[in-house]
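Below is one structure, written out as structure tokens, with a few remarks after it.
The values are calculated or read from the model by the stated rules, or taken from the named source; none is laboratory data. Since the structure is predicted, the reported quantities are computational estimates derived from the model, not experimental observations. Backbone-built Cβ (ideal geometry, glycine too); neighbour counts: all protein chains shown. In case anyone asks, the SASA skips ligands and DNA or RNA and just uses the protein heavy atoms, side chains included. Shrake-Rupley method; radii C 1.70, N 1.55, O 1.52, S 1.80 Å.
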2 protein chains.
Amino acid sequence: MPTDATLPARARAGDELRQAALEQFATVGFAATSLQQIADHAGYSKSSVLYHYTSKEALLEAAVTPAIDQLEVLVAEFAEGRRSDAARGAFIGRFVDLLLGERLAVHLFVSQGHSLRGIPAIERGNAAIRVLADAICTGASLAEQMRFGVALAGATYALVAGATFFDDDEMTQLVTSYSDDDVRVALIDVLTELLIPAAGR
Amino acid sequence: MPTDATLPARARAGDELRQAALEQFATVGFAATSLQQIADHAGYSKSSVLYHYTSKEALLEAAVTPAIDQLEVLVAEFAEGRRSDAARGAFIGRFVDLLLGERLAVHLFVSQGHSLRGIPAIERGNAAIRVLADAICTGASLAEQMRFGVALAGATYALVAGATFFDDDEMTQLVTSYSDDDVRVALIDVLTELLIPAAGR
DNA sequence: ACAGAGTCTGACCGATCGGTCAGCTACCGT
DNA sequence: ACGGTAGCTGACCGATCGGTCAGACTCTGT
């Protein structure tokens, strides 16, 4: 009985396992997540996990690669383009979209990026962050750097920590009473205010 | 040969182990850190770690308790006091001091607080954060909530992630070219601007 | 009807984990 | 001079980890 309409079994199992792994890695942590837990959450056996992915690390790579790819192109475009207000505005919008669209992967990367060195996809993400920081810091005062750091880190972690602290708790109704679109607009407003001083709304 | 002037051996070993554990837990992660690693970094054996602390969890608890205690009193004072501009300003200053004085513990708590549920000290910290969020969110618009979330999370993570990404890298000279005092005032400026709109500097 | 590939699993492996325990050493009060 | 205790350690334990492997089941092409 196919869950989806005659979806190729191979791809379906791979996706289910990747999604389960992403959730566990992001919420429990890579080191603290066992292949058995991932298998249980996805409804397979541990052996099946290792049939579809050659190792635990390979599974992590598959889980975060899409988000890292997006981050890379986003940062590359921002770094090469001039830091005009328009470019910054476009960057902010796409950055927020990335955050909202890849919450789990972002959380995973942000909070465990340091301890997961050696995994190629994570290394690519770290490199992208360094490029971004470099583009920001060159020729900027400490105050400007701080604004950018607080803005990007704040946006990232406000979403991620919000999910972390409140999603499984009794306060869910507060967070979920707003749609992603509402959050998106509010977030973009705050970031714009922080990063484009001229654009006072 | 006493490293310090006739310091009681008990307290000294306990401190060294606690410090080594805090560093490892914060940078590598609690689950990914073994008692053997902690022992190696502190220059003791694994058995000694378990002689001074009854379990790995007890060691974590000892490592984060001071920071959590500070956070608790800080949040309690802010929550009961009125949210006047002056109260906010005082809170910002003390919050930044806590961040700078307990970087490792803050990093540990922030990035692993969710996966470490059940440890009493972590639970106390999570409760404090919820109280803080509650004090902020009641009667505030989504935009205001977002400002506060971005500000606090941003300040926290800008420091923590800065250390995470750049401390062991080649960019250290950039971060460390500023003193903690410089960072402190820059951070307070940004937070003040975000949280006390009237106080335009 | 049958051969083969694709998917999945239980049994099993060595390594490492957190934690226990008996014993070693050095120092202290008497 | 000596018994006791505090600090510390190596040897060891059961559990669990990531990973291997041989085989069972299903489905397809011929």
Total accessible surface hidden between A and B, rounded to 100 Å², 1.4 Å probe:
4000
If a/c stays under 1.5 just call it rounded; otherwise compare a/b with b/c (prolate if a/b is bigger, oblate if not). Do that for the stretch B:64-195, with a ≥ b ≥ c from the square roots of the Cα gyration tensor eigenvalues.
oblate
What translational diffusion coefficient, in µm²/s and rounded to a whole number, does the Stokes-Einstein relation yield for the stretch B:1-147 at 37 °C and a viscosity of 0.692 mPa s, taking the hydrodynamic radius as the Kirkwood radius over Cα pairs?
194
Using alpha carbon centroids, what distance separates the stretch B:15-46 and the stretch A:99-125, in Å?
24
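When the expected Rg is taken as 2.2 N^0.38 Å, what fraction or multiple of it is the alpha-carbon Rg of the stretch B:57-115?
Numbers: Rg = 12.8 Å, N = 59, 2.2 N^0.38 = 10.4 Å.
Relative to the 2.2 N^0.38 Å estimate, the stretch B:57-115 comes out at 1.24.
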Please give the residues of the stretch A:50-84, grouped as numeric ranges, whose backbone N is less than 13 Å from a label point set 7 Å along the Cα-to-Cβ vector of A:A127.
A:69, A:72-73, A:76
Contact order normalised by residue count of the stretch B:9-160, Cα under 8 Å, 6+ apart, percent
25
Setting aside same-chain residues fewer than 8 positions from A:K56, which lysines have a Cα under 23 Å from its Cα?
A:K46
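Can you give the percent of C-alpha pairs in the stretch A:90-144 whose distance is more than 16 Å?
Details: 810 of 1485 pairs.
Looking at the stretch A:90-144, the distances longer than 16 Å represent 55 percent of pairs.
Just reorder B:S84, A:S47 by solvent-accessible area, largest first, 1.4 Å probe, all chains present. Can you show the working numbers first?
Working: B:S84 55, A:S47 85 Å².
Largest to smallest exposure gives the sequence A:S47, B:S84.
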